[in-house]
Amino acid sequence: MAMTLGSPALPDLSARILEDPSEKLWALETRSSSYVLRVDGNGVLRNLFWGARLGGGDYADAAFAAGSEEYPGWGGPVFVEAGLKLTRADGVRDVVLRYHSHRQPDPDRLVIRLKDCNEEIFVNLHYRVFEDYDLLGKRVAVENRTSQSITLESAQSGVWRLPPADSYRLTHLAGHWGAELRLAQQPIQPGMIVLDSRRGKTSHRANPWFAIDEGGRADEDRGEVWFGALAWSGNWKLAVERTDAGDVRVVGGMNTFDFAYPLAPGESLETPHFYGGYTSGGFGQASRNLHRFTRNEVLPDRASPQLRPVVYNSWYSVYFDVNESLLKRVADRAAPLGVEVFAIDDGWFGERNDDTAGLGDWHTNPEKFPNGLGPVIEHVNNLGMKFGIWIEPEMVNPDSDLYRSHPDWVINFPGRPRSESRNQLVLNIAREDVKEHLFQTFDKLFSDHKIEYVKWDMNRDITEPGWPGVAPEAQRTLWVEYVRSLYELLDRLRESHPDILFETCSGGGGRVDLGIIARSGQIWTSDNTDPLDRLKLQHGFSLPYPPKIMMSWVTDVPDSHNGRTTSLKYRFLVSMMGSLGLSVALEKWPEEDLDYAQEMIALYKEIRETVQHGDLYRLASPWQGETTANQYVAEGGGQSVLFVFRHSQQFRERIPPIRLMGLDPNASYLLRPIDDKLSGGARAVSGAYLAAHGLALDLVGDFDATAVVIDRAN
Ligand code: DGJ
């Protein structure tokens, strides 16, 4: 029977979660989306709809009332990817989930409790409405209240189901080291597309984010996009499946590959959070919603967002050859440029002269730092900068004192070959003794020194995932417990040292996801710092993740990755579109470059609030042509900044005027170009002109770039 929202059963039209108890129906409402659930006559919880806000429509109308099972257990005729799959101690593997009860802990949260049809196996589906960001959060807790053990083989965070349509297209991120987070798009044909990581970390290869539109109808600025991001930094999986009925399901959570998680009677398992959103404003709006959500609800500084500092990092300048006198000389040159954090990267500890030794021995190398780190820190602080340091806690070189004293601390299958990668092994941080050792080591390092910034690296995949010391049936929990321990370590260290800004890194962007982002203030995007490649990598990063946390360094030329030479201006402007850093041989720079860097850093500080806390509009994509243009609009609209890059020029073609977005058509704006590339130069124009006509820019040749600061005048 059709029921309208105006019926007395659903009285509060402004509520985020509308409930009709007589129908066991719920509508989760954000500003522009509705997500409708109902329990059918057999007690099955069904997803009826996810899409544009129905706004008082017929929530239980027969036209869409069939829906599909919201969170199926694997049992009975379930052939789609299930939410839950398990084996009982007696070998029975069937699980049939039915509505049990529900509660609404607060106006934004709903918990629906499902139960196996026969036994006390419960699944709590947790929903949270993030109204302002057009997002919903899901997570699941599975409880074993039977008297026998069960082993979970799949416990997914949630299922997102899109309504049936003729064709759908999947957008995701793919790549490899130095080329991660690149745009990938493909039609969703009948069958299943699996995006996943089996590497114990998020991976360079794929990223736990998806966006789906109907048959390629959406573009950057328009069209319906359904999207989601999983907050998990270990093995994960997104199974994107087009069913016989033509709808699309995205089932996501911890990877089912090599997954077995025993639950003794009374135990439960909580899954990672899985966020999903809907917009009719194209990929751009999907990104802006996720960016705002991440800044205000996920990041460690979410309660009072802080601007990210300008960082100098030693890596690309000297690699492992850091020492006291060199760093002091470099610091002398960095401070006048306006650098705010001076960070030593790899090479400061143990016998760390290259990547073959020292990981695990977190004490200062006495040849490089005969007086410890103290004098460098003092020097850096006296110059007005904060001091930062690189660590890689999860790893050990076999050639280290730590490994020699605790060879049993590494992840391995006893008696089997074990792969080294970058000459290192992975510490089993799921072990309490290892975790405690690491906490004590770094707690001491951070307490003994005035360290205000930490770059936490992780330079290999996890292989041979053995956990000697636990029962064979518990061995595979390593995939889960490793990540939980990582989170716990980061949380404890952050709690003990609240003034440290943590940046995380995994050989560049090998561990970028909302789980790690909840614990680190920024992310090292990629080891590839060539600015042309970066335009594409940063484009991909910005699809789910906010520019504020996208660490981007200016490095020297020719580029260490591909030998390309670009101007200092080009490199600065690319890096200024995120969180700005420098990793260059400053002691070799000519005066004119130092002056230029000083100017650009001053400019960055003027616009960084707009870049870091504003809205991003990707006006021209590096994937579509020879121009990339990104515009940032400050919260409140007082300032905007336009960055434009010409990759190459042929046939003396000019780039078309760049039309701006997100401005008030009735307001007047002052244009402040950073150079002479803006046709017409500095002047005042209306928002309407900027949107309709746009700015003509005289970018010529290969690798030309410019920026225009746009200040609202009235
Ligand atoms: C990989 C990181 O991505 C680099 O920035 C650098 O920190 C090296 N590790 C150091 O070993």
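Structure summary
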read-out	value
In Hz, Karplus ³J(HN,Hα) per residue of region 267-276 (6.51, -1.76, 1.60; θ = phi - 60°; x = Gly, Pro)	8, 9, 10, 9, 8, x, 6, 10, 9, x
Charge context of LEU195, other residues only, Cβ under 11 angstrom, K/R +1, D/E -1	+1
Under-5 Å amide H pairs with TYR669, H placed in peptide plane, nonlocal only	VAL685, SER686, GLY687, ALA713
FRET efficiency, 1/(1 + (r/R0)^6) with R0 45 Å, evaluated for ALA52 and ASP258 via beta carbons	0.70
Residue-count net charge about HIS176 - beta-carbon cut-off 12 Å; Lys, Arg +1, Asp, Glu -1	0
Label-to-label distance, nm, for residues given as ASN714 and ASN562 (7 Å Cα→Cβ offset)	4.7
Cut-off under 5 Å, modelled amide H: who pairs with ARG659 long-range	LEU695
Counting all C-alpha pairs of region 405-483, share separated by more than 16 Å (%)	58
Rh by Kirkwood over Cα pairs, then Stokes-Einstein D for region 237-313 at 0.890 mPa s and 25 °C, µm²/s	146
Local net charge near SER280, Cβ-Cβ under 14 Å (Lys/Arg +1, Asp/Glu -1)	-2
Rg over Rh, two decimals, region 619-712 (C-alpha only, Kirkwood Rh)	0.96
Largest-first ellipsoid semi-axes for region 260-375, taking √(5λ) over the Cα gyration tensor eigenvalues, angstrom	40, 26, 13
Dipole in debye (nearest 20) - the chain, about Cα centre, beta carbon charges: Lys, Arg +1; Asp, Glu -1	940
Amide H partners (placed H, <5 Å) of VAL410, local residues excluded	ASN428
Distance histogram for the chain (every C-alpha pair counted, 10 angstrom bins, percent rounded to whole numbers)	3, 14, 23, 24, 19, 12, 4, 0, 0
CD proxy at 222 nm, helix term only [per DSSP H run n ≥ 4: -39500 (n - 2.57); per residue of the chain; nearest 500]	-5500 deg cm²/dmol
Flagged links, alpha-carbon separation over 24 Å, of LYS328/LYS569; LYS201/LYS435; LYS328/LYS450; LYS237/LYS455; LYS328/LYS536; LYS201/LYS605	LYS328/LYS569; LYS237/LYS455; LYS328/LYS536; LYS201/LYS605
Cα-derived Rg to Rh of region 368-522, Kirkwood definition	0.99
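Laboratory data are not the source of any read-out in this text; all were calculated from the coordinates shown. It should be emphasised that the depicted structure is a prediction, and the values quoted were computed from it without experimental measurement. Cβ atoms come from the backbone with ideal geometry, glycine included; neighbour counts cover every protein chain shown.
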